[in-house]
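To keep things clear, I will list the structure first and then write my remarks on it.
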Amino acid sequence: MSAVLKQPVTYRRHLPVWLVPAQAAAVFTVLAATAGGQMLRGWLLTALTWVIALPLLVSLEAGLIAMMLFEPLRGIIRRAQYLFIDYSSQDPIHVLTPIVTLFALTALLRTQRLNILRASPLAGWVSGLALIYVAEIFNPLQGGLMVGLSGAMFSLTPMLWFYFGQVIKTEFITMVLRLMIVVGLVTSLYGVYQLLFGYPAFEQYWISNTEFYNSIAVGHVERALATFCSAEEWGRYTEFAAIAAFGFAAARSRRAVRFGWLVVGFALIGFVALTGQRAAIFGLVLGLAVLFMLGARNLANAIARLTVLLLPFALMMVLFKAPEAEEMWSNDETQTVSTVLSHTQRGVLKPAGEESFQERIKNWTFLLTEVIPYRPLGAGIGAGSLSEWRFNKSGDDLPPIDSSILLNGIACGVPGLLLFVWILLRATWFSLQAARRQITDRKAATQRTIAAIMCALILNSIFGLTFTLYSIAPLVWLFMGWISAETLRTRRGNEREIVTI
């Protein structure tokens, strides 16, 4: 009788094999650092891409979180590269998230197949809009294929997060909202630093050279960007984070916990004011009004809640006088905080009297009456956006387009505009229905918060480019995908109840 004894598996003798990739990476890092410039940037961005993509090996949710953590930092990482390279308008950092998003979509298609294209009530409409986006990539009116591909990177890639939203659970959406609150607080502290002490040299170098960021000046001072790519993105992120904080506060019964969430919410409101983004403030007020009304037990209670919320705002509009534009210009370069707050106060107390508002109405009238009817099938996914300015210098001289809805009209024509508006309104309606149904459910806080954010999103899509903001556009598409899937699950649950009865 003989016995065969299995020796324990050991990886000690294979250790050199495992060390080869690490050694190669270390050697290449040294070579890239020695060479400097474009080679070092290329290596660092490649390494960063793999760092963001690796969590996908764990789960889709882990990969989404990695991208959510990167996006709010994209701006400062982008500006930091000018420590060792010269300025260039073509920046490869913008392709990182699209690459990882395509990895995530490939993994999702392996399990869900093409069913994700029509898996929920809104999926068919979103897939139809995505098909229009793809067709508009090849529209020759925008000036070339590079313009279309660049435009798709800003508009089509975030839309893919809708399909991710269809397969995630409510607990993950709650985690996303909490993550937004934490990231909003941390990144905003850097924005306060920029306001108080100015921009570091590498960021000032980018501001001095960039051709596309014209709204940073307020009087004689430069508004802060925090770690984001624009002040609008910072304002929109903190706006949604503030709504989430108040949503969690309203759902807590313990006074200490509720007080903590309220403190966080008011801090985020203060950061929204420091961004100088008036559209974010009005969106925040609308979102909070919807949030408090959704928690009411009846119509009378809802009206009372709305009155309590809007009364201080109304008193401020009546009792306080909007500062004149000359007051901002009278401040010197050291009065950054007071200048930005005066700019915000003037826009909130006297929105229709702002020169920028009048100019916006004039531009919208021109786009709606002359540009869109002239090209009813669209001018290309990159038309009217940053991509056209980068790759088509001889393109149409359109006025600034600061509305996601109008941008869809310019890019995709009347069909794209109507389909985009339909999806946005339908998703908002579904979210409001779900919030009312889940009044006593443990998911109520998340349902109400998402409904409030969706209502604010409608306003921000009219007055702002929310659906092209790097850290915001993927999240709102994710929310809409989850809303659509939740609607389907509710309908199926109701059908089972009817069959059971």
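The values are calculated or read from the model by the stated rules, or taken from the named source; none is laboratory data. Just so it is clear, the structure is predicted and the values come from calculations on it, not from any experiment. Heads up, the Cβs are rebuilt from the backbone with ideal geometry, glycines too, and the neighbour counts pull from every protein chain shown. These area figures cover heavy atoms from the full protein model, side chains too; ligands, DNA and RNA do not enter into them. Shrake-Rupley method; radii C 1.70, N 1.55, O 1.52, S 1.80 Å.
Some observations on this one:
- For the peptides 93-105, 365-377, residues were scored by their other Cβ atoms within 10 Å and the scores averaged per peptide; the highest-first order is 93-105, 365-377.
- Net lengthening on full extension, Ile361/Asp91 (0.36 nm per residue, minus Cα-Cα): 93.9 nm
- Surface accessible to a 1.4 Å probe, Asp402 within the full protein complex, Å²: 40 Å²
- Listed peptides 195-205, 480-490 by packing density, highest first (mean Cβ within 10 Å): 480-490, 195-205
- Along the stretch 232-248 the Karplus relation, 6.51 cos²θ - 1.76 cosθ + 1.60 evaluated at θ = phi - 60°, assigns HN-Hα couplings of 4, 5, 4, x, 5, 5, 5, 4, 5, 5, 5, 4, 5, 4, 5, x, 5 Hz to successive residues, with x for each Gly and Pro.
- Net charge contributed by nearby residues that have their C-beta within less than 14 Å of Pro376 (K/R +1, D/E -1): -1
- Gyration tensor (alpha-carbon) shape descriptor, the stretch 78-155, a/c threshold 1.5: oblate
- Summed residue charge, Cβ within 10 Å of Tyr199's Cβ, Lys/Arg positive, Asp/Glu negative: -1
- Between Asn301 and Leu45, the contour length at 0.36 nm per residue exceeds the Cα-Cα span by 86.8 nm.
- Protection proxy ranking of 267-276, 249-258, 76-85, by the mean of other Cβ atoms within 10 Å over each peptide's residues and highest first, is 267-276, 76-85, 249-258.
- Solvent accessible area, Å² - Glu359, 1.4 Å probe, full protein context: 90 Å²
- Both radii come from the Cα set of the stretch 429-486: Rg as radius of gyration, Rh as Kirkwood radius; their ratio Rg/Rh reads 1.00.
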